[in-house]
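The structure appears right after this line, and notes come after that.
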Amino acid sequence: MLTARGWWFALIVSFILVMGAFVIPNYTTVPAILAVTLLAWFVYEWLQFHYKSNAAVSRLRVRRWVMQGGRDTPMLWANVPFEIRVRVRHTGYVTIDYAVVEDRLPTGADLIKGETESHTTIGWGQPTDVIYTLKCPAPGVLRFEGVKVRVADLHGFFYRRVFLRDAIEFLVLPPLVNAEGRQRADKRFNMLPPPGIHRLRRPGSGDELHDLRDYQPGDPPKMIAWKVSARKDKLITKEYENDVPVRCVLFLDTSDGVRLGPPGNTLLTRMAGVTAVVAQAAAANRDLVGLTTFDDKAAQPTPPARTQTHMINVLRKLAEVSALQPAPTGVPPDQLTRRAYPLAHELYPELMATTTNTMPLSRKWNPLLDKRWGWIVLFIIAIPPCLLAWKVASIMDPEVVRLPRGVNRVVVAWLSNTFSVGVRLTSWLVGGAPLSVRIAVFFVFWLSMLLTPSVIAGMFWVAHGISGWFGMATAELARRKRLAALFSLQDGTGPDAIERLVHDDEAYAERVSRFLQYHQLRCPIPLYDEFGRYRFRCAEKADVLAGAIVRAVSHARDNELYVILADISELGADLEPLVKACRVARARRHHVMVIVPWPADVPSPDEAQEPPAPPPEIGRRKNKKRHPDDFLPNERHKRLTKIVQANLTRQYHESFRKMRRLLGATGATVMRVDDGDPVRLVLDRLDRLRGMRSRR
Amino acid sequence: MIAEKKLPAKLSQRQVIGILFRDRAARAYTFSALGALAMIFVVMYLNGSDIGGVLVVLLGSAALVLRWTAMPPFLLLVIAYFHACPFGIPDFGSENPYQVRETYFQVADMVLVMAILVYLRAQYRLFGFVHQIMPFENVFRRKGDVPTRRPSSHIRPDEIAWLVGITGGIVLLGQGAWWLVNALEFAPMENFPLRWSDPKSLRVFRRDLPPGEFRAGQHRFFVILGAMFFGTLLLRLVFSYWQLRMMSAAEGAMVMTDTSWAESHRERVRVEKWRIWGRTRAAEAAKQAEQERKQAARKAEQQREKQAAKERERERKANRAQRD
């Protein structure tokens, strides 16, 4: 609470007070009077700040309005600006002279207009407002944590920071489709269905005649085919085709691999954007749209429908999955702490304060007996007093068990030698003193010499223990303990969990990653494991996706379009279940499209590859001339990086081509998300399906 | 006004001077500080310390313009020094045991203290405009940390009046406190350890004091020490209790959890170490068992292959024998 400025001022004034009141008051009293007056002023400011801090700062309340289109809204749309109004007030009767109210900007939103902080005076009945405008470039979840209020006195001596937690989450729905997406496919393709393509015919209430059958009691008279009945001399009923609309099922990959990247610019966000546009355009054409999200563990299907509520639900789901973050597995605990600790300190200042969340020195003490050699030190500490006690006991009682002869000889020599040295030292130092003094001094010397090994070992023990109070490891331990205490409080696991989280790296990493995800803070994640393998391949998702496709096929009613938006380029041999599922779908006359996200830093596979740069020419004039890599490490690093990148790109292209070949063989269309306009292609395919029906 | 514009995180000297002298709201503080420095100079000059006065004015003005945040406390030391040694030479002069009794509520002292107080208050508030009013969040300034400055538009019109008024009150309070400190005597042998001193008595100046009696400086020491100790204790108790009353449920739960942990952390550490040790051992045992299983499987495979080879050999021999 006291700032460095306050500490220095108090220190200097105290010094002047001591000098003025106790050293030079008989020469001049002005320094003493000055110091007393300044001290009185300091105490006055201290009292005032404390009073206001308790009476007003602790009673601060916050209220938030999020407005889009001029009214309070529970959900937001991406790429549409919205206004935030935050009102901070307090219920006390005291005025806070100076406060800085700062609303914490959520991740994934851009500030368009206004400021998120306000320098203000908060009095009774005088709330302060912070108004600003934000825009979310991508769908997801927008989380407002609360408002940071910093209070200081006008001289900068005292300071307090509180965080008014008012956590609230808003779904940011994908943007509404643009003019292109809204376009109704009025133009029918003038084409016949390819040979072998047939509709799934079912009787229903359509316009086209499906079949004729014998009349059954209960059939409406208008369905009787009179001419045929007259010809056959029995009642025949007409059956019409079922008018099944075009159905499109979107399969969206939400596995960890597509969640990587900066917030709002992940592969998942881009795919969710494409999905949203396709879904809305299809719904605008009165087609049914379903959405199945899947990762490497499970799939969550939403059956096709075309109501407005269904579309909102689809958009909500897309917004939710867009906010998903990769699990930070494999991140070292200290790196997680470096991310989580400042965040916890910012959001929970009162719970992370050293007064409420302590770290006693005894916990930092470095225990000696954890080390094997610590027992040797303990032995050295214990053995001299024990031997001394044994000797005294043997003098008092001769029946005491004797030590082995060799050991006994050493002990006796040690006692007699120290005894004689003590006598000599005493007679040299206090030879003329009274007998009692000489005896006392002798015993002090003698015991000191006897117990010297114990004292030295004890000092070593203390030094070793105190060494635990300093260093980076101690600071890390303190941070980890404070975070563990916060987590144990949030989870309700009590003090048991604190030491568990401090000691168990796995449990700690899991809990910290949950904390970071909850507060939407991303952490740099290692992409490759210790063997150089890509960590986010998620091969199991092929099985899950295949299961979802087969399930969709089993629930299909007519020729449907399955659009798979998944990062499956690198699955290789693990694609087999997906290939089988695509075959099943194609066997039932369904269409399959695969849209693969493409990393921004990888060139297109259709582009011509540049030949690798030739190694720098080295003159042959001097055969012993050194290669540039030997004396230019930066150049060498650059060249190596280029080679690695080129190899990785080639490998990625190869795997993509293999995947395209495999799936293309089943009849599925494979394309990249950045290749042309995938939305247009999906809509065209839907039109084609619709055309097939209309043309038959 | 200058301050109403959006100022950069780091102010240039030109911008600082602009705030100090061209901003209407802030320049009242600037002139208050300069006026206070001038008054300090006058009082010190009258006291015979012209060098000290000039030094104070120069250093104070430089601190004002150049934002030397360490200067105000340093100026206090300079003023105190030049009051003890007006000519700057470290010589206190002759001792006057009655000095303390003769210096209550003297106009020159009050004017000087008032000027110093006005200067300090104005200077620190100006630092809030041109340097920083709140500390950084971290102990050490990190890259990207922007200092928080109070905008001059936040200055209330009556701030200077309140500043001067409260300063006058504090000056009187300080004089009263100094008088009280010297008017009280420490009497540890009596029921109440404080008593009023007799201003005309010369008892405290005797060389041979009776047992249980103290000199004037010792009385002052005990009174100041006692006032500081018991005052701090009282205020601490009051505000701590208040703080406990205002504590949120989460904060209270954290205090309870932390206390519980602090009382038992040794045992918990031991238990956790055993747990980790047990887990490591179990993992090692599992690994060893796995290796043994693989080894056994490999042996069995080799055995089977040997057996199969023998069988084949036997069959081959049998076939050959049959052929023969």
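The values are calculated or read from the model by the stated rules, or taken from the named source; none is laboratory data. Please read these numbers as outputs of a predicted model, since none were measured by experiment. Methodologically, a virtual Cβ is constructed for each residue, glycine included, from the backbone with ideal geometry; neighbour enumeration extends over all protein chains shown.
When the range B:90-109 is filtered for residues that are in a helix (DSSP H, G or I) and closer than 15 Å to A:ALA21 by Cβ, the ones remaining, listed by number, are B:VAL100, B:ARG101, B:ASP109.
Condition first: crowded, with 18+ Cβ neighbours inside 10 Å and either assigned to a helix (DSSP H, G or I) or touching a Cys at 6+ places or on another chain (Cβ under 7 Å) (or both). Now tell me which residues in the range A:11-25 satisfy that.
A:ILE12, A:VAL13, A:ILE16, A:LEU17, A:MET19, A:GLY20, A:ALA21
Considering only residues in the range A:657-696 that are small (Gly, Ala, Ser), closer than 17 Å to A:GLU560 by Cα and not in a loop (DSSP other than H, G, I, E, B), the one that is modelled with the highest pLDDT turns out to be A:GLY691. Checking the structure you have, find out if any residue of the range B:284-306 is within 14 Å of chain A (Cβ to nearest Cβ) and under 26 Å from A:ASP370 (Cα atoms). Within the range B:284-306 (the criterion being within 14 Å of chain A (Cβ to nearest Cβ) and under 26 Å from A:ASP370 (Cα atoms)), the answer is no, since none of the residues qualifies. If you go through the range A:151-162 and keep only what is charged (D, E, K, R), over 27 Å from the mean Cα position of the chain (by Cα) and surrounded by fewer than 22 Cβ atoms within 10 Å (Cβ to Cβ), you end up with just A:ARG160. The single condition from (1) on the phi < 0 side of the Ramachandran plot; (2) more than 12 Å from chain B (Cβ to nearest Cβ); (3) of a type outside the set (Val, Ile, Thr); (4) under 26 Å from the mean Cα position of the chain (by Cα) that A:GLY146 fails is (1). Per the conditions (1) surrounded by 21 or more Cβ atoms within 10 Å (Cβ to Cβ); (2) assigned by TED's automatic domain parsing to the domain that holds A:ASP574; (3) aliphatic (A, V, I, L, M), the sole criterion not satisfied by A:ILE312 is (1).
For the range B:106-119, filtered to residues that are at the interface with chain A (Cβ under 10 Å from one of its Cβ atoms) and surrounded by fewer than 23 Cβ atoms within 10 Å (Cβ to Cβ), the residue that is nearest to B:GLN13 (Cα to Cα) is B:MET114. Take the residues in the range A:31-56 that are aliphatic (A, V, I, L, M) and surrounded by fewer than 23 Cβ atoms within 10 Å (Cβ to Cβ), then tell me which one is farthest from the other protein chains (Cβ to nearest Cβ). Within the range A:31-56, the match that is farthest from the other protein chains (Cβ to nearest Cβ) is A:ALA56.
For the range B:250-273, check the following and say yes or no: at least one residue is surrounded by fewer than 15 Cβ atoms within 10 Å (Cβ to Cβ) and more than 10 Å from every other protein chain (Cβ to nearest Cβ). The answer is no; no qualifying residue exists.
Yes/no matrix, rows are residues, columns are (1) without any contact (Cβ under 8 Å) to a residue 40 or more places away in the chain; (2) touching a helix residue (DSSP H, G or I) at 6+ places or on another chain (Cβ under 6 Å); (3) under 26 Å from B:ILE79 (Cα atoms):
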{"residue": "B:LEU7", "(1), (2), (3)": "no, no, no"}
{"residue": "B:GLY18", "(1), (2), (3)": "yes, no, no"}
{"residue": "B:ALA28", "(1), (2), (3)": "no, yes, yes"}
{"residue": "B:LEU46", "(1), (2), (3)": "no, no, yes"}
{"residue": "B:ILE51", "(1), (2), (3)": "yes, no, yes"}
{"residue": "B:VAL54", "(1), (2), (3)": "yes, no, yes"}
{"residue": "B:ALA63", "(1), (2), (3)": "no, yes, yes"}
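Entry remark, the range B:216-231: residues being touching a Phe, Trp or Tyr at 6+ places or on another chain (Cβ under 8 Å) and either more than 18 Å from B:GLY174 (Cβ to Cβ) or part of a loop (DSSP other than H, G, I, E, B) (or both) number 7 in total. Counting only helices (runs of 4 or more DSSP H) that sit wholly inside the range A:437-526, not one has at least 2 residues that are assigned by TED's automatic domain parsing to the domain that holds A:GLU145. Residues in the range A:209-241 that are surrounded by 13 or more Cβ atoms within 10 Å (Cβ to Cβ) and in a strand (DSSP E or B): A:HIS210, A:LEU212, A:ARG213, A:ILE224, A:ILE236, A:THR237, A:LYS238, A:GLU239, A:TYR240, A:GLU241. Only one of the numbered conditions (1) in a loop (DSSP other than H, G, I, E, B); (2) of a type outside the set (A, V, I, L, M); (3) surrounded by 17 or more Cβ atoms within 10 Å (Cβ to Cβ); (4) more than 9 Å from chain A (Cβ to nearest Cβ) is not met by B:GLU185, and that is (1).
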